[in-house]
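Reading through the structure tokens given below for one structure.
The values are calculated or read from the model by the stated rules, or taken from the named source; none is laboratory data. Model, not experiment: these values are computed from the prediction. When we count neighbours, we look across all protein chains shown, and the Cβ atoms used for this are built from the backbone with ideal geometry, even at glycine. Remember, those area values only see protein heavy atoms, side chains included, never the ligands or the DNA or RNA. Shrake-Rupley method; radii C 1.70, N 1.55, O 1.52, S 1.80 Å.
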Amino acid sequence: MSTATYVSKRAGDGKVTLPRVVTAEWIKFRSLRSSWITLVVAAALTIGFGALFCWATMSRWDHLPAEERAAFTPAEHSLRGFFMAQMAIGVLGVLVVTGEYSTGMIRASLSAVPKRLPVLWAKALVFGAVTWVVATASVLVAFFVGQSILAGKHLDTTLSAPGVTRVVFGMGLYLTAVGLLAVALGTLIRNTAGGIASVFGVLMVLPLLSEALPSSWQDHIVPYLPSNAGQALTHVTQAPHEMAPWPGFGLLCGYVVVALVAAAAVLKRRDA
Amino acid sequence: MIEAVGLTKSYGPKTAVQDLSFSVRPGIVTGFLGPNGAGKSTTMRMLLGLDTPTSGHATVNGRRYADHPAPLREVGAMLEARAIHTGRSARNHLLALAATHGIPTSRVDEVIDLVGLREVARRRAGGFSLGMGQRLGIASALLGDPATLILDEPVNGLDPEGILWIRNLLKSLAAEGRTVLVSSHLMSEMALTAEHLIVIGRGRLIADTSVADFTAGASRGGVRVRTPQADELAVLLRELPGAMVAVEDEPGVLTVEGTDSEAVGRLAAEHRVVLYELTPRQASLEEAFMELTRDAVEYEAVVRPAELVKESAA
């Protein structure tokens with residue numbers, strides 16, 4: 001029996017640092033086929049539905065009532081596919097975390113990084129960056145495809161028209177915030193079905209549900225719901241009672257930060 | 001070196017681990033034994049900071065696991081082999097873990113070769129057999145070339161060849177001066193692998209001793225004697241102080257307790273009794289374990305054979 005203590009020598013001498021955890025999370029993200037499939041689906045939904053709506057409007061334009069024509073905004077119209085894309089991104093954001101819980105991978109992840117919080121920050125950073133790039137790129141493609149379709153009736157607009165650049169790039173930012181909210185909800189709930197349901201609930205059900213409130217209350221609640229506040233950034237002109245674009249998006253970011261902080265507190269405290 | 005001091009873990013009213021203190025020395029394989037549900041896995045999760053103890057604390061190489069700046073290079077762990085995302089390849093799994101510590105890719109390929117997974121390293125881990133999963137778990141544990149290894153049931157689901165491989169691997173890792181803690185509910189496996197034992201039952205420490213002492217301590221010992229003059233010898237043996245003789249069903253076989261084979265042999269020679277067989281019987285580790293943990297088994301079958309018979313008759 002030897003009593004000399006073994007000294008690790010074959011694995012370098014690196015310590016755990018946030019940039020290294022970010023690298024690890026990037027490897028994890030890119031090495032799952034589901035990541036890429038979901039991103040492609042999100043891009044296809046954004047571009048495909050945008051093109052479909054533009055084509056439908058263009059082909060029915062001559063028969064549209066005057067008020068519908070007056071309300072038509074070509075920039076927003078070409079980006080309508082976001083409504084579907086945000087669900088794909090929300091699901092992927094939840095899965096980035098809950099996929100680890102359902103497979104047991106989380107124990108390996110937290111053993112490697114026992115301080116835990118770097119794992120959450122790295123996941124948010126990697127997923128946020130990937131979502132921003134993919135969302136912004138597909139929104140730009142959707143915009144240009146949509147406008148080229150609308151050009152058939154000379155209904156198209158350009159990035160230089162007032163507010164259009166903000167709407168187009170704002171849509172990429174909105175989808176990124178949705179992705180981060182999903183990462184936080186996934187961490188809080190730790191369960192795929194529950195996480196996805198809560199993302200749907202917050203983004204889609206809450207606005208519908210609030211329609212049932214008396215209208216005098218609605219004005220004080222509806223504009224401040226996460227999805228409505230954030231989507232203010234993606235509207236060329238604001239509806240009555242809607243928040244201004246940047247304050248609205250700022251409020252959504254506030255919700256995201258609160259959710260991430262809650263997720264961090266829970267991740268740090270709970271048994272894995 | 002692993003040290004646990006007063007480790008306690010409660011889930012609501014249920015106490016999984018109670019006031020558990022032990023230390024695990026480097027250079028030998030230490031077996032962590034207990035029946036299913038005894039609290040082995042919970043204890044190991046507490047050692048790794050995955051579960052927070054209700055009270056008490058555990059340190060590895062003098063520090064809490066989470067306080068090590070490079071934990072994977074201090075402690076390699078395998079807690080339930082399937083701590084792997086099923087959609088990811090074995091190599092990418094290891095690359096991601098390695099990245100957190102800046103461990104080079106060359107080391108990842110080294111451990112893949114070491115556990116013999118080269119052929120399948122780029123396949124999705126979801127399709128792995130139980131044995132391949134265990135090997136990947138061990139590769140993850142060895143990734144940081146750690147001085148301390150904590151392995152939860154590493155031989156579970158392995159074929160005989162795999163079991164032999166693990167046994168030798170664990171011994172060679174310990175021989176290099178590492179601290180090796182291996183849990184199992186299989187006493188027989190530990191008898192072949194471990195030098196030291198920590199035995200728990202219902203979350204409490206039952207024994208912390210060497211394998212040899214453990215067997216001897218719990219051993220009822222006894223001597224098996226086969227002779228054509230069984231009746232004659234039985235009478236003589238009953239005269240021997242402290243000796244208790246049991247006549248076995250097998251004709252001509254006696255079991256003598258409370259004395260040793262030397263005394264029985266001498267007595268037989270003095271009285272010219274012919275012996276065909278004289279075997280000191282050592283309680284197997286398995287028996288010792290059963291005896292020690294009898295009161296500490298979490299889930300016991302409550303249906304007695306007689307009731308089973310009645311059930312099936314009805």
For the range B:40-67, which residues satisfy the criterion of being open to solvent by less than 50 Å² (accessible area, probe 1.4 Å) and away from every other protein chain (no Cβ under 14 Å)?
B:K40, B:G56
With respect to A:R190, is the statement that it is among the basic types (K, R) and under 23 Å from A:S35 (Cβ atoms) true?
yes
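Okay, residues lined up against (1) at pLDDT 95 or above; (2) open to solvent by 10 Å² or more (accessible area, probe 1.4 Å):
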site: A:H63; (1), (2): no, yes
site: A:E68; (1), (2): no, yes
site: A:F72; (1), (2): no, yes
site: A:L79; (1), (2): yes, no
site: A:M84; (1), (2): no, yes
site: A:V91; (1), (2): yes, yes
site: A:T103; (1), (2): no, yes
site: A:A112; (1), (2): yes, no
site: A:W121; (1), (2): yes, yes
Residues within the range B:17-39 that are in contact with a helix residue (DSSP H, G or I) (Cβ under 6 Å, 6 or more places away or on another chain), within 11 Å of chain A (Cβ to nearest Cβ) and open to solvent by 10 Å² or more (accessible area, probe 1.4 Å), tallied
0
Please verify whether the range A:206-221 includes one or more residues that are within 19 Å of A:V257 (Cα to Cα) and either in a loop (DSSP other than H, G, I, E, B) or open to solvent by less than 30 Å² (accessible area, probe 1.4 Å) (or both).
no
With criteria (1) free of Cβ contacts under 8 Å to residues at least 12 places away in the same chain; (2) closer than 20 Å to B:A99 by Cβ, A:D62 comes up short on (2)
Search result, residues across the range B:154-177 that are of a type outside the set (K, R) and within 14 Å of chain A (Cβ to nearest Cβ):
B:L170, B:S172, B:L173, B:A174, B:A175, B:E176, B:G177
Scanning the range A:1-40 for residues that are at pLDDT below 95 and aliphatic (A, V, I, L, M), the one nearest to A:Q86 (Cα to Cα) turns out to be A:A11
Among the residues of the range A:249-269, is any loosely packed, with under 15 Cβ neighbours inside 10 Å, away from chain B (no Cβ under 14 Å), among the aliphatic types (A, V, I, L, M) and touching a residue at least 24 places away in the same chain (Cβ under 8 Å)?
yes
Among the helices (runs of 4 or more DSSP H) contained in the range A:1-111, which hold 2 or more residues that are at the interface with another protein chain (Cβ under 8 Å from one of its Cβ atoms) and over 19 Å from A:A264 (Cα atoms)?
A:18-30, A:33-60
Give the residue that is surrounded by the fewest Cβ atoms within 10 Å (Cβ to Cβ), with candidates limited to residues of the range B:202-217 that are assigned to a helix (DSSP H, G or I) and of a type in the set (A, V, I, L, M, F, W, C).
B:A212
All but one of (1) away from chain A (no Cβ under 12 Å); (2) in contact with a helix residue (DSSP H, G or I) (Cβ under 9 Å, 6 or more places away or on another chain) hold for B:L149, so report the exception by its number.
(1)
Tell me which residues, restricted to the range B:68-81, are open to solvent by 10 Å² or more (accessible area, probe 1.4 Å), facing chain A (nearest Cβ under 7 Å) and of a type outside the set (G, A, S).
B:P69, B:L72, B:R73, B:L79, B:E80
